[in-house]
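The values are calculated or read from the model by the stated rules, or taken from the named source; none is laboratory data. Here the structure is a predicted model, which means the values were calculated and not measured. Positions of Cβ are backbone-derived with ideal geometry, glycine not excepted, and every protein chain shown enters the neighbour counts. Quick note on the areas: whole protein, heavy atoms, side chains included, nothing else; ligands and nucleic acids left out. Shrake-Rupley method; radii C 1.70, N 1.55, O 1.52, S 1.80 Å.
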Amino acid sequence: EWSPLLDSVSVDPDRPSRSVWVMTVPRALKVPARLLGYTTTLSWQAELAAPRPPLMTWTSVLDEQGKLEGIPNAGFVPSGAIEVVESRPGVAAMTLTLRYALPDPAAGWQVALIQSAPVQFVLSSRIEAGLRRFSRAMRREWEEEQAAHRAADRASGRHEEAGVHSEDGHTEGRQPST
């Protein structure tokens with residue numbers, strides 16, 4: 001819902017730390033992807049090391065030859081982390097770190113491709129848009145939870161406390177104390 005590039009993320013029911021990610025190559029990168037031998041749909045596996053907030057870390061799974069499982073000609077190994085820090089009730093900051101480890105030594109074309117303005121623009125704009133959608137989804141979820149708490153409090157006769165203000169200046173309800 002919040003990342004249109006991802007077609008799916010499936011968690012292995014027998015091994016919850018393992019997941020399979022499927023992504024469609026962005027339209028702007030389909031021609032270079034084909035020239036490099038990639039299909040327009042990519043699939044890879046990841047191993048989740050720290051499974052829940054405040055810190056989640058993952059790395060991609062490599063095959064026996066040390067290549068990215070699912071995309072053996074990728075030429076890089078992605079990994080990353082998400083850290084969530086609550087600044088006050090209902091307001092949190094999230095830091096997303098993505099790492100793409102190139103082989104040592106990396107081929108000059110790989111470095112040039114990754115550092116090229118078109119690739120950087122597409123990737124950064126897609127990531128930023130995905131983070132904005134994620135933020136909106138989390139805000140909606142939080143607001144729905146707060147509305148449910150307020151409705152439950154009204155039904156039980158408790159009164160609401162004053163709202164709190166988010167970093168963007170919107171007034172939000174706060175879960176009433178009992």
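Given the -39500 (n - 2.57) contribution per DSSP H run of 4+ residues, what per-residue ellipticity at 222 nm results for the chain, rounded to the nearest 500 deg cm²/dmol?
Taking each H run of at least 4 residues, the total per residue is -10500 deg cm²/dmol.
If you take every residue apart from residue 118 with its C-beta less than 14 Å away from the C-beta of residue 118, what net charge results, scoring Lys and Arg +1 and Asp and Glu -1?
Cβ neighbours under 14 Å give a net charge of +3.
If N is the number of residues in the chain, what value comes out of its Cα radius of gyration divided by 2.2 N^0.38 Å?
Here the answer is 1.32, to two decimals.
Mind ranking 23, 94 by accessible surface for me, highest first, 1.4 Å probe?
Ranked from most to least accessible, the order is 94, 23.
Using a cut-off of 10 Å between beta-carbons, work out the net charge of the residues near residue 20 (Lys and Arg +1, Asp and Glu -1, residue 20 not included).
Here the charged neighbours net out to -1.
Computed from the mean reciprocal separation of all distinct C-alpha pairs, what Kirkwood hydrodynamic radius does segment 2-49 have, in Å?
After inverting the mean inverse Cα-Cα distance, the result is 11.8 Å.
Under 10 Å, Cα contacts only: if you run a Gaussian network model on the chain, which one of 60, 125, 19 comes out with the highest mean-square fluctuation?
125
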